[in-house]
Amino acid sequence: MQLGLDFGRVEALVAGVDEVGRGPLCGAVVTAAVILDPERPILGLNDSKKLSEARREALFEEIREKALAWCIARAEVEEIDRLNILQATMLAMQRAVEGLAVTPRLALIDGNRCPKLTIPCAPVIKGDAQVPAIAAASILAKVARDREMLALDALYPGYGLARHKGYPTAMHLEALVRLGPSPIHRRSFAPVRELLDAVSRSCALSDAPAS
């Protein structure tokens, strides 16, 4: 049985912020910010990882319909490689909060640190299992990124993106060695970087003049 969070704890004009996609080897990191409406409760909100795919999909639509404001944002692969995954995640969270149609009085961020914002904010460790607005944000981010990985699976077949969503599973690592990195793979992540380094060394050896 999937129990939801207590909706009586929803505070007015408080945004919940969460991310999905820090660990994968490819694709964007996706964030969401949600301001729930205390007058329009959403039953069954919870950490997106604790919900079935079907339940997440249903809640995704209900959150977008009933929330006072919501925004899904992202940081692209190029930004992840340039800034590092932590700073790219902070940037994507900042974009999500700034993209809200309603300005919150406070942003509660899942995790142990906050992005740079123009409004007060506070981190909440394991917030997606404690704060309804953060749980709602985790659902929006998770569903949005999963849908994107399904679409990317059709563009870059063979990696199994629809199954593992870009995470470094044995299946993904084997495909990476067999096919090489795609344009959406994060060059700064160790498995991808090490593979590219190995290819570069191999090419340098093959190009070396015979003694």
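How many Å² of accessible area per residue for the chain, probe 1.4 Å? Intermediate results must be reported in sequence, preceding the final value.
Numbers: 10460 Å² over 211 residues.
It amounts to 50 Å² per residue over the chain.
Provide the net charge surrounding Lys66, with neighbours chosen by a C-beta distance below 15 Å and charges set as Lys +1, Arg +1, Asp -1, Glu -1.
Working: positive: Arg40, Arg64; negative: Asp37, Glu39, Glu61, Glu62, Glu65.
Here the count lands on -3.
Hey, got the dipole for the chain? About the Cα centre, +1 on K and R Cβ, -1 on D and E Cβ, debye to the nearest 20? Numbers along the way, then the final one.
On the way: 26 positive and 26 negative charges, 53 e Å.
In debye, rounded to 20, the chain gives about 260.
Report, to the nearest whole %, how much of the accessible area of the stretch 66-211 belongs to carbon and sulfur atoms, 1.4 Å probe, protein only.
Working: 4380 of 7500 Å².
Carbon-and-sulfur percentage of accessible area, whole number: 58.
Cα axis of helix 190-207 to longest principal axis of the chain: angle in degrees, 0 to 90, nearest 10?
Relative to the chain, helix 190-207 is tipped by roughly 20 degrees.
Under a 5 Å amide H to amide H cut-off, with H placed in plane at 1.01 Å, what residues pair with Leu106 once short-range neighbours are removed?
Ala15
Principal axis lengths of the chain from Cα atoms, whole Å, largest first?
Sorted largest first, the three principal extents are 78, 37, 25 Å.
Given Cα positions, please report Rg to Rh for the stretch 46-142, the hydrodynamic radius being the Kirkwood one. Mind showing how you got there, number by number?
On the way: Rg = 13.4 Å, Rh = 14.0 Å.
Rg divided by Rh gives 0.96.
Any idea what the relative contact order of the chain is, in percent, if you count C-alpha pairs under 8 Å spaced at least 6 apart?
Working: 408 pairs, mean separation 57.5, N = 211.
The normalised contact order for the chain reaches 27 percent.
Between 0 and 90 degrees, rounded to the nearest ten: what's the tilt of helix 85-98 against the longest Cα principal axis of the chain?
40 degrees
The values are calculated or read from the model by the stated rules, or taken from the named source; none is laboratory data. Being a predicted model, the structure only gives us computed values, none of them experimental. In this analysis, Cβ positions are derived from the backbone assuming ideal geometry, glycine residues included, and neighbour counts consider all displayed protein chains. Surface areas here come from the heavy atoms of the whole protein model, side chains and all, with no ligands, DNA or RNA. Shrake-Rupley method; radii C 1.70, N 1.55, O 1.52, S 1.80 Å.
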